[in-house]
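The values are calculated or read from the model by the stated rules, or taken from the named source; none is laboratory data. All values reported here derive from a predicted model rather than from experimental measurement. Cβ sites come from the backbone with ideal geometry, for glycine too, and all protein chains shown count toward neighbours. Heavy atoms of the whole protein, side chains included, go into the accessibility calculation; ligands, DNA and RNA do not. Shrake-Rupley method; radii C 1.70, N 1.55, O 1.52, S 1.80 Å.
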Amino acid sequence: MLTHPVVKGSLPNRFRELWDEIAPIGRDAGSGGYLRYALTEPELRLREWFRGQAERRRMPVTEDGNGNLFAWWGDPEAGDAVLTGSHFDSVPHGGAYDGPLGIVSAFLAVDELRAAGVTPTRPVAVAAFVEEEGARFGVPCLGSRLLTGALAADRAAGLRDAAGVSFAEALGAPPAGARPELLGRFAAFVELHVEQGRALVDQDAPVAVASAIWPHGRWRFDFTGEGNHAGTTRMGDRRDPMLTYAFTVLAANKEARLRGAHATVGRVSVEPNATNAIPSKVTGWLDARAAEPETLAGLVEAVHGKAAERARRDGTEVALTEESATPLVAFDGGLAGRLATLLDAPVLPTGAGHDAGVLAGHLPTAMLFVRNPTGISHSPAESAADDDCAAGVTALARVLEELT
């Protein structure tokens, strides 16, 4: 059992000190949210901070050729290692805790174990995965998908951001793709993450263990019509794809509510994007999630059907493209139960995707959640109290001790 380490300053204070080192990086002065897109200047600064923290702890850092970083406590070649960590990148104007909390907590958990005199019998690796949010190159969990072979290296290399920069160009080299020899060195993965909901507030608990991740994905709807003059084209003569798009957004909301699922259209692109022009093309991205894969498939099918029906009425066309899909991820039940007992913590499902969901198909995987008093995530209102973050560090340290 992990005892209380004798260290300088309280754990909440030490968390705050470390947290304040990264808090200003990538913060937008206007929204208060973060613009930490993968492999852009703010995220590159955070990667350098990661290397500096590892160096301070005498933890060698390795890369996997896909943009993922690993800081090692123990021999990187020894095998049977326990992996922890998360990601630095954010959604546009996202919150501070989604991702970085897992990395900061991992380094502090190593500090706690060392201060307690714990000598692990297997290595511990702290990871910083690249492009988890998919906000720059469009594919979520890009780094972990490449590492595991879930995404082909050539497809990833050609992914481009809004400015036309490819992932390979941003990385500085073509991605390496699947690394089975590296993946084989890990015996388990534990990701600590801020809760993206209010379940822990309702249960009055600072930390929880995850049971599963809902199946989810991203689908692109391309609506095409006829561009024309807003002032001279009669209403009855229009083939306006914006009407079809707007109807589809409402249909997605209705179909999700009927199924107890989630559907969100949070991104749209319009051509020519002029106030006095009827659009020629509208592209909208649907984020859909549900507790069961059958429900998710039925939701997307229903939305597509409604969109196609409306397109016929509007004289427009609609095409559906699946950009990413993640099946139901049930975390290792034995590991989750073991950790819930160890921590005396509740067990919760989540509708949010994580690198842990990708890695769960390859090695025993678990997640820890830290209470979020607002319940809000992917927004500047996302938060966590220092005391709860310290409780998360202690919980992660106990888990790492248990597993090593």
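Go over the candidates L192, L151 one by one and state the one that is part of a strand (DSSP E or B), open to solvent by less than 30 Å² (accessible area, probe 1.4 Å) and among the hydrophobic types (A, V, I, L, M, F, W, C).
L192
Keeping to region 154-173, report how many residues are open to solvent by less than 60 Å² (accessible area, probe 1.4 Å) and over 24 Å from D98 (Cα atoms). Please lay out each step first, then the result.
Taking region 154-173 as the starting set, the residues that turn out to be open to solvent by less than 60 Å² (accessible area, probe 1.4 Å) are 156-159, 161, 164-168, 170-171, 173.
Now drop any that are not over 24 Å from D98 (Cα atoms), which leaves 157-158, 164-166, 168, 173.
Total meeting the criteria: 7.
Have a look at E169, E133 and point out the one that is part of a loop (DSSP other than H, G, I, E, B) and acidic (D, E).
Just a single option satisfies the conditions, and that option is E133.
A quick yes/no check of all residues on (1) open to solvent by 40 Å² or more (accessible area, probe 1.4 Å); (2) of a type in the set (D, E, K, R):
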site	(1), (2)
G197	no, no
A210	no, no
E226	yes, yes
G231	yes, no
R238	yes, yes
M242	yes, no
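Criterion first (open to solvent by less than 30 Å² (accessible area, probe 1.4 Å) and either among the aliphatic types (A, V, I, L, M) or not in a loop (DSSP other than H, G, I, E, B) (or both)) does A176 satisfy it?
No: the conditions fail for A176.
Which of the residues belonging to region 251-273 are closer than 20 Å to T224 by Cβ, open to solvent by 50 Å² or more (accessible area, probe 1.4 Å) and not in a strand (DSSP E or B)?
The answer is P272, N273.
Is there a residue being open to solvent by 30 Å² or more (accessible area, probe 1.4 Å) and farther than 19 Å from L359 by Cβ anywhere in region 61-69?
Looking through region 61-69, at least one residue is open to solvent by 30 Å² or more (accessible area, probe 1.4 Å) and farther than 19 Å from L359 by Cβ.
Determine whether G85 is out of contact with any strand residue (DSSP E or B) (no Cβ under 7 Å at 6 or more places or on another chain), surrounded by 13 or more Cβ atoms within 10 Å (Cβ to Cβ) and under 25 Å from A360 (Cα atoms).
no
Among the residues of region 16-38, what is the count of those that are assigned to a strand (DSSP E or B) and either closer than 18 Å to G102 by Cβ or open to solvent by less than 10 Å² (accessible area, probe 1.4 Å) (or both)?
1
I want to confirm something. Restricting to region 274-286 and keeping residues that are open to solvent by 60 Å² or more (accessible area, probe 1.4 Å) and part of a loop (DSSP other than H, G, I, E, B), which single residue is farthest from A212 (Cα to Cα)?
N276
Within the set of pairs 6 or more residues apart or between chains, which connect a residue that is of a type in the set (F, W, Y) and open to solvent by 30 Å² or more (accessible area, probe 1.4 Å) inside region 102-119 to a residue that is assigned to a helix (DSSP H, G or I) and modelled with pLDDT under 95 with Cβ atoms less than 7 Å apart?
Pairs that qualify, where the first residue is of a type in the set (F, W, Y) and open to solvent by 30 Å² or more (accessible area, probe 1.4 Å) and the partner is assigned to a helix (DSSP H, G or I) and modelled with pLDDT under 95: there are none.
Within region 70-82, work out how many residues are within 26 Å of L11 (Cα to Cα) and open to solvent by 10 Å² or more (accessible area, probe 1.4 Å).
Within region 70-82, residues that are within 26 Å of L11 (Cα to Cα) and open to solvent by 10 Å² or more (accessible area, probe 1.4 Å) number 2.
Yes or no: region 122-131 includes at least one residue that is over 16 Å from the mean Cα position of the chain (by Cα), of a type in the set (A, V, I, L, M, F, W, C) and over 24 Å from G334 (Cα atoms). Reasoning before the result, please.
To start, the set of residues in region 122-131 that are over 16 Å from the mean Cα position of the chain (by Cα) comprises 122-126.
Subset that is of a type in the set (A, V, I, L, M, F, W, C): 124-126.
Pick out the ones that are also over 24 Å from G334 (Cα atoms) and you get none.
No.
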